[in-house]
Amino acid sequence: MLPFLFRRIFGAVVILLLLSAFTFFVFFSTGDPAMMACGKNCTADNVALIHQNLGLDKPLPTQYWDFLVGIFAGRDYSIGHCSAPCFGYSFATKQDVWTTMMDRLPTTASLAVGGAVAFLVIGLGAGLLAAWKKGSVLDKTVTGASMVLSSVQIYILGPIVLGIFVYSGIMASPKYVELTSDPAGWFMGLLLPWLVMSTIFTAQYTRMARSTMIEQLQEEHVRTAKAKGMPARYVFLRYAWRGSLIPIVTILGIDLSSLFGGAMITEYTFSLAGLGRLAINSVITLDLPMILGVLIFSAALILVFNIIVDATYALIDPRVRLS
């Protein structure tokens with residue numbers, strides 16, 4: 001198991017270094033970042049001073065090395081010392097990029113985790129029920145509903161949900177409240193965004209859980225367990241259910257990146273101050289340090305989640321550990 005994890009961690013580090021290098025060189029070689037940081041009414045002397053303060057007068061490889069060192073050891077700027085992990089200072093707000101991201105992270109994390117729990121619980125539960133009652137009215141209803149919901153997009157469903165529940169006064173406008181201070185307010189404030197963001201994933205996992213469970217019920221070891229006289233419910237949950245999880249866990253690792261993309265659209269739709277909305281605003285204002293910080297941090301999170309999914313996959317299927 002440990003060699004398996006070491007290979008995954010080493011691969012994640014390599015990918016992260018390549019992604020950060022590519023992004024850095026693309027962002028800082030296509031234009032003059034000092035002009036973006038200087039803002040309006042900028043003079044040549046101000047641009048020269050920014051070049052010196054930010055180290056933009058150095059060769060690009062040296063700038064990238066300083067950027068990497070700053071992440072682990074911190075950097076000194078004209079406006080003060082940036083403690084590790086340092087991604088620089090925002091061009092737009094002049095605030096520490098890392099501090100800004102950490103302020104926005106709880107909103108995005110709550111949205112992503114809650115959305116994942118919602119589509120896993122609802123999707124897998126509905127899929128299992130449909131497989132258990134294969135060919136029944138319940139099965140046909142669940143299958144038809146999943147096909148319809150799979151075609152609905154967040155930017156279409158979001159305004160509709162806002163109009164039905166929020167603008168009509170049935171529910172309060174979605175907002176983020178700290179979980180530790182008000183658990184009920186945290187849940188109710190993110191309930192609508194969770195349901196909207198998880199709609200497409202719920203439909204996908206419903207169909208997947210149904211099809212994989214039906215396939216597992218036809219496997220030889222499941223038929224053997226039935227032939228031994230084991231209760232049908234026990235066979236369904238003990239043997240078929242575990243086998244059906246293998247492809248679902250695999251797809252979950254791929255969907256994690258899509259989940260962050262969905263969180264970005266959901267945050268913008270429901271006016272939630274998370275990393276997704278921060279990234280969109282940074283692109284609009286050409287805030288390069290903030291864009292670079294959010295991109296690298298999001299990529300690191302996705303890679304960590306993929307490693308966790310790989311480890312879970314290896315626990316479910318011993319053949320992965322042996323390979």
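The values are calculated or read from the model by the stated rules, or taken from the named source; none is laboratory data. In this text the structure is predicted, and so the values were computed from the model without any measurement. Here the Cβ positions follow ideal geometry from the backbone for every residue, glycine too, while neighbour counts run over all protein chains shown. Areas reflect the complete protein model, heavy atoms only, side chains present, ligands, DNA and RNA absent. Shrake-Rupley method; radii C 1.70, N 1.55, O 1.52, S 1.80 Å.
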Problem - Within segment 257-290, tally of residues that are under 16 Å from the mean Cα position of the chain (by Cα) and either under 21 Å from residue 96 (Cα atoms) or assigned to a loop (DSSP other than H, G, I, E, B) (or both) - result: 9
Handout entry: Matching entry among 285, 266 (being among the polar types (S, T, N, Q), touching a residue at least 40 places away in the same chain (Cβ under 8 Å) and open to solvent by 60 Å² or more (accessible area, probe 1.4 Å))
Key = 285
Practice task
For residue 258, state whether it is touching a helix residue (DSSP H, G or I) at 6+ places or on another chain (Cβ under 9 Å), assigned by the TED database to the domain that holds residue 142 and at pLDDT below 75.
Solution key: yes
Problem - Given (1) among the aliphatic types (A, V, I, L, M); (2) touching a residue at least 60 places away in the same chain (Cβ under 8 Å); (3) farther than 24 Å from residue 279 by Cα, index of the condition residue 154 fails - result: (3)
Exercise for the section: State whether the residues of segment 223-245 include one that is crowded, with 16+ Cβ neighbours inside 10 Å, touching a residue at least 12 places away in the same chain (Cβ under 8 Å) and among the basic types (Lys, Arg). Expected result: no
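Residue-by-condition table, conditions (1) open to solvent by 60 Å² or more (accessible area, probe 1.4 Å); (2) out of contact with any Asp or Glu (no Cβ under 7 Å at 6 or more places or on another chain); (3) closer than 18 Å to residue 106 by Cβ:
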site	(1), (2), (3)
153	yes, yes, no
158	no, yes, no
162	no, yes, no
176	yes, yes, yes
181	yes, yes, yes
188	yes, yes, yes
Fill in the blank from the handout: Note on segment 109-128: residues surrounded by fewer than 18 Cβ atoms within 10 Å (Cβ to Cβ) and out of contact with any Gly (no Cβ under 9 Å at 6 or more places or on another chain) are 113, 117, 120, 121, 125
Completion exercise
Conditions (1) out of contact with any helix residue (DSSP H, G or I) (no Cβ under 6 Å at 6 or more places or on another chain); (2) surrounded by 16 or more Cβ atoms within 10 Å (Cβ to Cβ) -> residue 146 fails only (1)
Fill in the blank from the handout: Of the candidates 103, 76, 96, the one satisfying the condition of being among the acidic types (Asp, Glu) and more than 23 Å from the chain's Cα centre (by Cα) is 76
Exercise for the section: For residue 203, state whether it is surrounded by 15 or more Cβ atoms within 10 Å (Cβ to Cβ) and touching a Ser or Thr at 6+ places or on another chain (Cβ under 8 Å). Expected result: yes
